[in-house]
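Asks: Okay, here's the structure, questions in a sec.
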């Protein structure tokens, strides 16, 4: 179908419709960045008394345009309230740890589920897939009790452990797809060479599972980078606070001042956007791979 | 004998990390929640667990019942009925508006349109933005004052003059006039919550479907074209049946996703009661009312609902040809 | 050269010792709700360094937004609580006290009996023991923009209900919105509803209901709710308020968008300093047989509590009292509250609007604590959920009393 890319008038209509969708997609983001650089007068509109005529002049808000006065100070305010840099690092630390744990645990489980022959492995697989439908929030009170008994509240582990547990099902689902593509001959050859299961797993299978890391990683990242409720309840000290909680808290600080709110929104969005723009094809491919394998 | 033992031990060791996490953090909490739901206690006050039998379920479900003596609903501020109805509406909106939209875009893009990759990248982008941020961004978009983008747009186009009175006349829950308070009324708050969800996730489903369509074997499509099938016929009889497994995944994600959604509603409106979902109701009962038994009961209901829907969807998609994952 | 070296060495040692000494300053943690946009912020910013200096401690403090703070502080386990934290007195602190999470302050209070009248501790006393240090006290105040009132032909804030309604009608005629109220934060709605109920049924009856000793099933309450709702339906409230937050509503009032704004007296300083001509008053009497003009809603409500799990509770208690006194001092002068502590400083600089409200408190003829603080968590939130429905005009007065009677008794 690709070859017959002829000029068709219907294509123009399709393009126009798609461009409208693009506009709907991007405009809120554009608006966010512009109001992060405006002051309240420009955002809300204001009025002043004209000295020459003595009449009150209403200046309407500037919604769509670029800022007339670029208020870079909004970014200063947003950065200086709370500790955005620290929160960002915390989020990063939590996410990477969760990805590491999820990858290791799900690769190992997948190996046992697909490469080792035993009774009940189908049942065990179904058991793990239950996790796909369990809503993370529904577990909050018991998990709180468990973490508190283990003295883990208010540590990185308070977030890493539950996030990893809730990412596990998806991780196993994706890994099964990827591991299925690895030929069984390799295991057999290694077995004949005298390798035990552990050696086969670490020397033969794990290196071939590298592409799966990206896919499992992206799904896991999406799950834990944004999580708000656990992060609010399980961590009370600012030392371990993650970005969504920090941003949410900042909104409480500037309720009427729109500029710093916009700046905070932009700061919190920017890093992921930059990574996405740089790696968009890889991210999409990994994402698609997960869907197809799953 | 020893061999089989070590083999079994190895299986166990390979499963161990996953099992510890899974049972400790997912399965045990479900059982604990079920246990809590028959009790009342206060996590702050460290009160003892008080066995209350089915009382928590009675409280929640009675809010959905009609009092035969008065013909009115039992007065109850728990609104489980509202929360369930809202989540069903949200699931229906996601399935019947979001997914078809995603499918149409995916079908168009996968046919090799110029710049398909760029379109794909842009549509997928909101998926990566934190839900808290999207909630707050849309809160500002909906702002009823001067600064709100949506109302400013409507005013600029002059649509507000007929749209607002039209909405006012449709609002039955309140006697107040609608002047652009999108999150302020029962009738509009849920829709106001759905739009950002649609905005964020349409790209997610689109990308999944796009991937599925790209996986349709080329010879199948060519054969259909040689038979003189129109584009619509190809879509309907070849592509859509072929990507059925992916559509199923999308429906499951969309439905359980709407049952689970919490962050967005929480960030979008401070008072969630007008768009109450089981998850926000649970949050309220736990951390505002400090009724941990009652909140856990909502958690149990939420888990049961999610399982129920996942099973129903699997059943709906089960037919002779398609394999059930 | 040697000398320089020695000097440098000595200097390093002195600095090292100084830093070692600095490390020994005990550190205490404090959580409060004095965020950037909060009226109490300046008082905290002034009081904390003063106390740090005076007692030789370091206070690490963090501020959270009001509504999220309520859930945060309640869901924090005992060990994770900071040494000192802000709390509302009444049943809110009571939940902590009965859970054994608060350090008893009776011992430390002995040093402050002269500065802090015991009556001010009344709302945070459980089983005869004192558990929190009051900061300021506040009452619900009816703020009026006199310039806008003048446009409608009024030189003073109406003191009777009929007069107030006539004034609202006149304001509406002129295209001025009489009232602004945030529907996003339900406590703001109670700032309107509770005075109306009080002025209808009287403060004694209302205290009985909040304490759970009397039922909500009082037709007079239904009448009060209907009165409030009639004002809403008649268009005396900004309809946008339904989904605006309180800070925006306050900003609108200060910017001259509304003629009246009824909210806590902690706003006095901010409104006093704003450009314009503002006055403070009370909501007029609805039923003269049961209530008088001088009855108010409020009390010593803001307080600091010390965590029972604090590593150094005696010091934390000492700091809490010192902080309470200083925050009260600076807060009173800044106009973010009325003093719970007897002033031992020059009060001639107190802002006029604050002085007016202080006079109302001094002459008050009865007081009812804010409903959401007077009741414990569960009934308070049931109550708030119906108050929200009242503001959204989803239930009427009869529905309100029926619902609360069924659910709270």
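The values are calculated or read from the model by the stated rules, or taken from the named source; none is laboratory data. This structure is a prediction, so every number in the text was calculated from the model and none was measured. Don't worry about glycine lacking a Cβ; one is built from the backbone with ideal geometry, like all the others, and counts go over all protein chains shown.
Asks: Please work out which one of (1) under 26 Å from residue C:35 (Cα atoms); (2) in contact with a helix residue (DSSP H, G or I) (Cβ under 6 Å, 6 or more places away or on another chain) is the condition residue C:400 fails and give its number.
Replies: Every condition holds for residue C:400 apart from (1).
Asks: For segment B:205-219, what are the residues that are more than 9 Å from chain A (Cβ to nearest Cβ) and more than 29 Å from residue B:258 (Cα to Cα)?
Replies: B:216, B:217, B:219
Asks: Of the numbered conditions (1) surrounded by 18 or more Cβ atoms within 10 Å (Cβ to Cβ); (2) more than 9 Å from chain B (Cβ to nearest Cβ); (3) in a helix (DSSP H, G or I), residue A:131 fails exactly one; give the number of that condition.
Replies: (2)
For (1) under 17 Å from the mean Cα position of the chain (by Cα); (2) in contact (Cβ under 8 Å) with a residue 60 or more places away in the chain, each residue gets a yes or a no:
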site	(1), (2)
C:322	no, yes
C:335	yes, yes
C:343	no, no
C:356	no, yes
C:372	yes, yes
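Asks: Considering (1) away from every other protein chain (no Cβ under 14 Å); (2) in a loop (DSSP other than H, G, I, E, B), say which one residue C:224 fails and leave the rest.
Replies: (2)
Asks: Does residue A:155 qualify as being within 24 Å of the chain's Cα centre (by Cα), closer than 20 Å to residue A:244 by Cβ, away from chain B (no Cβ under 12 Å) and outside any loop (DSSP other than H, G, I, E, B)?
Replies: no
Yes/no per residue for (1) out of contact with any strand residue (DSSP E or B) (no Cβ under 8 Å at 6 or more places or on another chain); (2) surrounded by fewer than 17 Cβ atoms within 10 Å (Cβ to Cβ); (3) at pLDDT 95 or above:
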residue	(1), (2), (3)
C:165	yes, no, yes
C:195	no, no, yes
C:211	yes, yes, no
C:224	yes, no, yes
C:249	no, no, no
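Asks: Looking at residue A:268, is it modelled with pLDDT under 80, within 9 Å of another protein chain (Cβ to nearest Cβ) and either under 20 Å from residue B:141 (Cβ atoms) or crowded, with 21+ Cβ neighbours inside 10 Å (or both)?
Replies: Answer is no for this residue.
Asks: Can you tell me which residue is nearest to residue C:378 (Cα to Cα) among those in segment B:53-73 that are at pLDDT 60 or above and in contact with a strand residue (DSSP E or B) (Cβ under 8 Å, 6 or more places away or on another chain)?
Replies: Result: B:56.
Asks: Within segment A:89-123, take every residue that is surrounded by fewer than 18 Cβ atoms within 10 Å (Cβ to Cβ) and within 8 Å of another protein chain (Cβ to nearest Cβ) and give me the one that is farthest from the chain's Cα centre (by Cα).
Replies: A:118
Every residue, every condition in (1) buried (at least 22 other Cβ atoms within 10 Å of the Cβ); (2) closer than 30 Å to residue C:381 by Cα; (3) in contact with a strand residue (DSSP E or B) (Cβ under 8 Å, 6 or more places away or on another chain), yes or no:
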residue	(1), (2), (3)
B:219	no, no, no
B:228	no, no, no
B:237	no, no, no
B:240	no, no, no
B:270	no, yes, no
B:283	yes, yes, no
B:297	yes, yes, no
B:310	no, no, no
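Asks: Same structure, new question: Exactly one condition in (1) assigned to a helix (DSSP H, G or I); (2) more than 24 Å from the chain's Cα centre (by Cα); (3) within 14 Å of chain C (Cβ to nearest Cβ) is not met by residue B:177; state its number.
Replies: So the condition that residue B:177 fails would be (1).
Asks: Considering each of A:146, A:140 in turn, give the residue that is surrounded by 18 or more Cβ atoms within 10 Å (Cβ to Cβ), touching a residue at least 24 places away in the same chain (Cβ under 8 Å), out of contact with any helix residue (DSSP H, G or I) (no Cβ under 6 Å at 6 or more places or on another chain) and within 11 Å of chain B (Cβ to nearest Cβ).
Replies: A:140
Asks: For segment C:98-118, which residues satisfy the criterion of being touching a helix residue (DSSP H, G or I) at 6+ places or on another chain (Cβ under 9 Å), free of Cβ contacts under 8 Å to residues at least 40 places away in the same chain and within 14 Å of chain B (Cβ to nearest Cβ)?
Replies: C:99
Asks: Criterion first (under 31 Å from the mean Cα position of the chain (by Cα) and facing chain B (nearest Cβ under 9 Å)) does residue A:25 satisfy it?
Replies: yes
Asks: If you don't mind, another one. Taking the condition of being buried (at least 17 other Cβ atoms within 10 Å of the Cβ), closer than 16 Å to residue B:282 by Cβ and more than 8 Å from chain A (Cβ to nearest Cβ), how many residues in segment B:18-38 meet it?
Replies: Residues meeting the conditions: 1.
Asks: Hey, can you tell me all the residues within segment B:180-192 that are within 13 Å of chain C (Cβ to nearest Cβ) and in a helix (DSSP H, G or I)?
Replies: B:186, B:187, B:188, B:189, B:192
Asks: Next question, about the same structure. Give segment C:52-87 a look and list any residue that's more than 21 Å from residue A:246 (Cβ to Cβ) and in a helix (DSSP H, G or I), or say none.
Replies: Residues satisfying the conditions are C:52, C:53, C:54, C:55, C:78, C:79.
Asks: Any residue at all in segment C:199-207 that is touching a residue at least 24 places away in the same chain (Cβ under 8 Å) and within 30 Å of residue A:47 (Cα to Cα)?
Replies: no
Asks: Is one or more of the residues making up segment A:54-75 at positive phi, part of a loop (DSSP other than H, G, I, E, B) and surrounded by fewer than 19 Cβ atoms within 10 Å (Cβ to Cβ)?
Replies: Within segment A:54-75 (the criterion being at positive phi, part of a loop (DSSP other than H, G, I, E, B) and surrounded by fewer than 19 Cβ atoms within 10 Å (Cβ to Cβ)), the answer is yes, since at least one residue qualifies.
Asks: Okay, moving on. Only one residue in A:177, A:194 is surrounded by fewer than 13 Cβ atoms within 10 Å (Cβ to Cβ) and either assigned to a helix (DSSP H, G or I) or in the same structural domain as residue A:112 (by TED's automatic domain parsing) (or both), so which one is that?
Replies: Exactly one residue qualifies, and that residue is A:194.
Asks: Pull up segment C:77-90, narrow it to residues that are within 11 Å of another protein chain (Cβ to nearest Cβ) and buried (at least 22 other Cβ atoms within 10 Å of the Cβ), then point me to the one that is nearest to residue C:322 (Cα to Cα).
Replies: Among those that are within 11 Å of another protein chain (Cβ to nearest Cβ) and buried (at least 22 other Cβ atoms within 10 Å of the Cβ), it is C:85.
Asks: Conditions first: (1) in contact with a helix residue (DSSP H, G or I) (Cβ under 6 Å, 6 or more places away or on another chain); (2) more than 14 Å from chain C (Cβ to nearest Cβ). Residue B:120 passes all but one, so which condition is the exception?
Replies: Result: residue B:120 fails condition (1) only.
For (1) in the same structural domain as residue B:200 (by TED's automatic domain parsing); (2) farther than 30 Å from residue B:256 by Cβ; (3) assigned to a helix (DSSP H, G or I), each residue gets a yes or a no:
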| site | (1), (2), (3) |
| --- | --- |
| B:96 | yes, no, yes |
| B:113 | yes, yes, no |
| B:119 | yes, no, yes |
| B:127 | yes, no, yes |
| B:137 | yes, no, yes |
| B:140 | yes, no, yes |
| B:154 | no, yes, yes |
| B:161 | no, yes, yes |
| B:166 | no, yes, yes |
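Asks: Please go through segment A:232-265 and give me each residue that is more than 10 Å from chain C (Cβ to nearest Cβ) and surrounded by fewer than 20 Cβ atoms within 10 Å (Cβ to Cβ), ordered by number.
Replies: Once the filter is applied, which keeps residues that are more than 10 Å from chain C (Cβ to nearest Cβ) and surrounded by fewer than 20 Cβ atoms within 10 Å (Cβ to Cβ), segment A:232-265 yields only A:239.
Asks: For segment B:254-283, name all the residues that are away from chain A (no Cβ under 12 Å) and within 17 Å of residue A:248 (Cβ to Cβ).
Replies: B:269, B:271, B:272
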